[in-house]
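Trainee: Before we start, here is the structure in question, set down as structure tokens.
Derivation of every value follows stated rules applied to the coordinates shown; laboratory data play no part. Treat the numbers as computed from the prediction; the structure is a model and nothing was measured. Note that we place each Cβ from the backbone using ideal geometry, even for glycine, and neighbour counts take in every protein chain shown.
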Amino acid sequence: MIQGAVLGSPIDHSLSPVLHDAAYKYLNVEAHYEKFDVGAGALEGFLRSHSSYTGFSLTMPLKEEAISLATEVPEIDRRMSSINTLVARDGEWLGSSTDRSGIARLLKRADTSRIAILGGGGTARSALAAIENIDDRLPVTVYLRDMTKASDLTDRSELSRLEVRLLSDLDFDTASSIIQTTPAGAIDPYLEKVSGTPSGTLIEALYQPWPTKIATLFQSAGQLVLSGRDMLVEQAIYQVELFSGRSVDHAEIRKVMNEALAGV
């Protein structure tokens with residue numbers, strides 16, 4: 001039996017139980033998936049007291065903290081210092097970022113000739129890792145509200161054409177796709193001053209509140225918008241595979257998860 005949960009704080013808004021429950025029911029796999037409010041600094045103790053669990057999905061503020069508690073982590077995820085999944089194996093915790101895999105999947109629907117990433121946190125670093133997996137020669141510009149994280153990002157990334165600029169320099173005309181990873185409302189004050197017309201694809205990490213201001217701009221311009229729900233579904237599909245230990249038909253599970261979300 002799969003026993004899993006999503007951990008983070010705050011956690012009440014999480015839709016992960018909806019996705020996982022729907023997937024395991026469809027796969028006819030016995031499973032129980034729940035959510036726990038686990039704040040910064042509390043993850044190690046929580047894992048000790050829940051060692052019988054199959055695995056955990058992680059959200060803020062645990063994506064960096066989990067790195068030191070996992071026995072194995074893919075090199076690229078350790079370098080980016082962001083994982084969102086822990087899976088129990090032989091008394092140890094294996095960590096990985098299905099955010100990376102999910103974002104890479106979404107980017108297949110976008111024009112990746114000139115990618116812009118808004119923000120420099122854990123999701124932004126997972127986006128950088130996803131782009132590395134696709135092609136480390138792709139031109140990418142990360143836009144930050146301030147430049148304090150600039151050197152950290154460039155040191156972690158192995159993209160050969162990575163640039164870091166201030167968010168106040170954002171120009172819609174210079175990006176074929178935008179990955180928006182900043183917290184709710186953080187970029188809104190900048191949008192009135194952005195040059196150019198929204199074009200290409202917007203991948204928005206947020207799904208609550210919805211629509212975000214930047215999503216409305218792209219939708220009004222007739223551009224493709226992939227929401228935080230799309231990102232959540234894609235990363236959850238990979239977690240289902242890790243927790244169940246089996247490969248699944250991504251198209252089928254994506255449909256099942258999206259139908260479950262439609263009822264929320």
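Trainee: Considering only residues that are in contact with a helix residue (DSSP H, G or I) (Cβ under 9 Å, 6 or more places away or on another chain) and charged (D, E, K, R), which ones fall in the range 110-119?
Mentor: R114
Trainee: Can you confirm whether T197 is among the polar types (S, T, N, Q), surrounded by 17 or more Cβ atoms within 10 Å (Cβ to Cβ) and not in a helix (DSSP H, G or I)?
Mentor: no
Trainee: Shifting gears a bit: Taking I178 as meeting all but one of (1) in a loop (DSSP other than H, G, I, E, B); (2) within 20 Å of the chain's Cα centre (by Cα), write down the number of the exception.
Mentor: Only one criterion is unmet by I178, namely (1).
Trainee: Just one of G196, G200, G185 is at positive phi and touching a Pro at 6+ places or on another chain (Cβ under 9 Å); which is it?
Mentor: None of the others qualify; the one that does is G185.
Trainee: For E234, are the conditions met, namely being assigned to a helix (DSSP H, G or I) and touching a helix residue (DSSP H, G or I) at 6+ places or on another chain (Cβ under 9 Å)?
Mentor: Yes; evaluated as a whole, the condition is true for this residue.
Trainee: Then there is this: Only one residue in A116, A150 is free of Cβ contacts under 8 Å to residues at least 60 places away in the same chain, among the aliphatic types (A, V, I, L, M) and not in a loop (DSSP other than H, G, I, E, B). Which one?
Mentor: A150
Trainee: Any idea which of L206, L191, L217, L166 is hydrophobic (A, V, I, L, M, F, W, C), over 14 Å from R114 (Cα atoms), exposed (fewer than 15 other Cβ atoms within 10 Å of the Cβ) and free of Cβ contacts under 8 Å to residues at least 40 places away in the same chain?
Mentor: L166
Trainee: Check H50 against each of (1) without any contact (Cβ under 8 Å) to a residue 60 or more places away in the chain; (2) within 30 Å of W210 (Cα to Cα); (3) surrounded by fewer than 21 Cβ atoms within 10 Å (Cβ to Cβ) and name the one condition it does not meet.
Mentor: It is condition (2) that H50 fails.
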